[in-house]
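A.B. asks: I have a structure I would like to understand better, so I am pasting it below and will then ask my questions one at a time.
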Amino acid sequence: MSALTKDQIADLLESIAQMLELKGENVFKIRAYTNAARAIETYSGDLAKAAGENRLAEISGVGKAIADKLTELIVTGHLMYYENLKAEFPPGIFEMFDLQGIGPKKIKALWEKLNVTTIAELEKACKDGRVAALSGFGKKTSDNILAAIQSRAKHAGRFRLGEIAKDAERMLEELRGLPDVLQACVAGSYRRNKEVVGDLDFIVATNSPAEVSEFFVKHEMVESVIANGATKSSVRLKSGIQADLRVIKNTEFPFALNYFTGSKEHNIIMRQRALARGWTLNEYRLGPLENSKSEPPPPIHEERDLYRALGLDYVEPELREDRGEFAAAEKHTLPDLIEKENLRGTFHNHTTASDGRNTLAEMVEAAQELGLQYLGIADHSKASFQAHGLDADRLLAQVAEIRELNKTFGGDFKIFAGSEVDITKEGALDFPDEVLAQLDYCVVSVHNVFNLTEAEMTKRIIKAIENPYVTMLGHLTGRLLLSREAYQVDHAAVIEAAAATGTIIELNANPRRLDMDWRWWPLAKEKGVKCAINPDAHSTSHLQYLHFGIGIARKGWLTRADVVNTLPLGKIEAVLQAKRNAKK
DNA sequence: GCCGTTTTCGGCCCGACTGTTTTCAGTCG
């Protein structure tokens, strides 16, 4: 059998935590398993190796007991403790954890008292009144459970950032426009630029909380009101996403903004750092601990002051994931993250020649309007027949057309002629080298045969990027967020090969892809692999996707220097040629 | 179950809202 991935191991630990919750175990023991799952997920070393050398307990958050269990799991592929625990519960019961408003205690009561073990049975029990009659429950709880079941069926509770950005920005703008609003911001995973978000968190500083809350819950985008208290309101928007509003005083704004931006893991460490200094931190203030003899904390006017007070450089929201930002902020080695304004051009864009909706001329005009200096055209190759892929004749005709068009720009704009070349199942390319040699650059991508083993897929991609004419690798994993799983591929091995061959890796900025994932960019950067942020635009409006790509690049700790399309005309050409020149 | 400038026991981040119950448990973030 193939080795377990870190994510699979982390999932198993999470699953243990969930089962311990159902058993009503000590909450700190449960947290220990959750923490360990988190530690495994973010561990940068080789787990199998660490297990072999008996070093798992060296990982912070993994002690002796969990280290022993992990060793058993890694060595044998099984964990008796987990198997035994799992046998105690009906298999369908875990899906009930997905429902908003019920947790382990209620799930346990439903199971023990009503013998409800699946969501389908739960729905029935709500409808025939058995849930409402249960002690500790009631009519409202029963109704809320039914609503949660329907909501889950409809939305699954997760949304791509790119698709709810419009709602978020509109609500924010209108909140900021209210006369009583002093400051407003969207916090949460939206502010951290996560690729997928579960809800929207609006933070508003005001002296008129009731008026602001009323505006929020009665907004025309709102479908239903979930909660409406003095400081917190929750609604479901018509788009399906849940939105929360926190109203606070102006002096509390930096604390609320920081707290609700998260991540939860980041917050815990912030609070621990406050405690270590004799202070307590919450969403309203940084204050002295009771009976503490420490100096009182300094005044805080904005988030930056808070980080300084805790001995840290300012941490950009995208980096607040407890993935090394605290160590870097202490040592003043946080990266100077790339900004939207740094982009000078982009590659991987389609036209009507393959499956794009706009012509070459229209795409050029749109790129110029965005202030870009250059635009790379990479239409599909012939193997992607479903996308009207170009054969060599059509491609070379397009190259000639681009060369002619370039003469009209007088040097202040340039189209680069490229192609998005299919990688065959065997790792060969869809065009021979003689054709590729006539292009300015070439993107290679996998578009079919997704079901290879990880080893086969990795070999396929590495073989493709070993070709000296391949400038960059397109959407590494082929994932479509929330709709299609990534195919199996060894990221670290591909990054290694990209470093060895001088191949650029694309950060596909289409909000459905955002691929390569942000979690892998720090490794790519460490290995010296460059990034190209590409919108994979199939229409002029898709060029706007670059914005989402910047967010993910920032999340991946990338600076201007790590991203090739920040280079101006005059410098970018040499980068596109570097790999094929090196092989000559 | 983890961890240690409070160091091998005793704490572990902290507050808001809802619903059911009548002073608080459960859930969420």
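A.B. asks: With the requirement that a residue be near DNA strand B (Cβ under 10 Å from one of its atoms), closer than 18 Å to residue A:5 by Cα and not polar (S, T, N, Q), what does region A:26-63 give you?
C.D. replies: Result: A:33, A:36, A:39, A:56, A:59, A:62.
A.B. asks: In addition: So, in region A:312-360, exactly how many residues are part of a helix (DSSP H, G or I) and in contact with a Ser or Thr (Cβ under 9 Å, 6 or more places away or on another chain)?
C.D. replies: Final tally of qualifying residues: 4.
A.B. asks: If I ask for residues that are at pLDDT 90 or above and at positive phi, which ones from region A:277-329 would you list?
C.D. replies: Within region A:277-329, A:311 is the sole residue that qualifies.
A.B. asks: State whether the residues of region A:285-305 include one that is within 10 Å of DNA strand B (Cβ to nearest atom), part of a helix (DSSP H, G or I) and of a type in the set (A, V, I, L, M, F, W, C).
C.D. replies: No - not one qualifying residue is present in region A:285-305.
A.B. asks: Can you name the residue in region A:539-579 that is within 26 Å of residue A:411 (Cα to Cα) and in a loop (DSSP other than H, G, I, E, B) and is also farthest from the chain's Cα centre (by Cα) among such residues?
C.D. replies: A:570
A.B. asks: Can you confirm whether residue A:167 is within 12 Å of DNA strand B (Cβ to nearest atom) and in contact (Cβ under 8 Å) with a residue 40 or more places away in the chain?
C.D. replies: In short, no.
A.B. asks: Give the residues of region A:290-312 that are touching a helix residue (DSSP H, G or I) at 6+ places or on another chain (Cβ under 6 Å) and either surrounded by fewer than 16 Cβ atoms within 10 Å (Cβ to Cβ) or within 22 Å of residue A:42 (Cα to Cα) (or both), sorted by residue number.
C.D. replies: A:298, A:302, A:312 - these are the residues of region A:290-312 that are touching a helix residue (DSSP H, G or I) at 6+ places or on another chain (Cβ under 6 Å) and either surrounded by fewer than 16 Cβ atoms within 10 Å (Cβ to Cβ) or within 22 Å of residue A:42 (Cα to Cα) (or both).
A.B. asks: Related question: In this structure, is residue A:230 hydrophobic (A, V, I, L, M, F, W, C) and at pLDDT below 90?
C.D. replies: yes
A.B. asks: Of the conditions (1) more than 34 Å from the chain's Cα centre (by Cα); (2) away from DNA strand B (no atom under 11 Å from the Cβ), residue A:138 fails just one. Which one is it?
C.D. replies: For residue A:138, the failing item is (2).
A.B. asks: Cβ-Cβ below 7 Å, separation at least six or inter-chain, first residue in region A:135-148 and closer than 14 Å to residue A:123 by Cβ, second more than 6 Å from DNA strand B (Cβ to nearest atom) and not in a helix (DSSP H, G or I): which pairs?
C.D. replies: Short answer, once both residue conditions are applied: A:145/A:99; A:148/A:99.
Okay, residues lined up against (1) loosely packed, with under 12 Cβ neighbours inside 10 Å; (2) of a type in the set (A, V, I, L, M, F, W, C); (3) within 22 Å of residue A:534 (Cα to Cα):
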{"position": "A:404", "(1), (2), (3)": "yes, no, no"}
{"position": "A:408", "(1), (2), (3)": "yes, no, no"}
{"position": "A:413", "(1), (2), (3)": "no, yes, yes"}
{"position": "A:422", "(1), (2), (3)": "no, no, yes"}
{"position": "A:426", "(1), (2), (3)": "yes, no, no"}
{"position": "A:429", "(1), (2), (3)": "no, yes, yes"}
{"position": "A:434", "(1), (2), (3)": "yes, no, no"}
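A.B. asks: Pairs needed: first member in region A:94-112, under 13 Å from residue A:123 (Cα atoms) and assigned by TED's automatic domain parsing to the domain that holds residue A:147; second member anywhere, within 9 Å of DNA strand B (Cβ to nearest atom) and modelled with pLDDT of 90 or more; C-beta distance under 6 Å; at least 6 residues apart or different chains.
C.D. replies: As it stands, the answer is A:96/A:107, since those pairs meet every condition given.
A.B. asks: Okay, moving on. Can you list the helices (runs of 4 or more DSSP H) found entirely within region A:205-284 that contain at least 1 residues being under 25 Å from residue A:164 (Cα atoms) and within 26 Å of the chain's Cα centre (by Cα)?
C.D. replies: Hits in region A:205-284: A:253-261, A:264-276.
A.B. asks: From A:262, A:287, A:229, A:278, which residue is closer than 24 Å to residue A:198 by Cβ and either in the same structural domain as residue A:141 (by TED's automatic domain parsing) or surrounded by fewer than 17 Cβ atoms within 10 Å (Cβ to Cβ) (or both)?
C.D. replies: A:229
A.B. asks: Another question, then. Taking only region A:238-284 into account, find how many residues are within 21 Å of residue A:299 (Cα to Cα), basic (Lys, Arg) and within 7 Å of DNA strand B (Cβ to nearest atom).
C.D. replies: Within region A:238-284, residues that are within 21 Å of residue A:299 (Cα to Cα), basic (Lys, Arg) and within 7 Å of DNA strand B (Cβ to nearest atom) number 1.
Yes/no matrix, rows are residues, columns are (1) away from DNA strand B (no atom under 15 Å from the Cβ); (2) surrounded by fewer than 17 Cβ atoms within 10 Å (Cβ to Cβ); (3) on the phi < 0 side of the Ramachandran plot; (4) of a type in the set (Phe, Trp, Tyr):
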site	(1), (2), (3), (4)
A:75	yes, yes, yes, no
A:93	no, no, yes, no
A:98	no, yes, yes, no
A:101	no, yes, no, no
A:119	no, no, yes, no
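A.B. asks: Checking residue A:539 against (1) buried (at least 24 other Cβ atoms within 10 Å of the Cβ); (2) under 23 Å from residue A:341 (Cα atoms), which test does it fail?
C.D. replies: Just one mismatch for residue A:539, condition (1).
The values are calculated or read from the model by the stated rules, or taken from the named source; none is laboratory data. This one's a predicted model, so the numbers in the text were calculated from it and none came from an experiment. Note: ideal-geometry Cβ built from the backbone for every residue, glycine included; neighbour counts use all protein chains shown.
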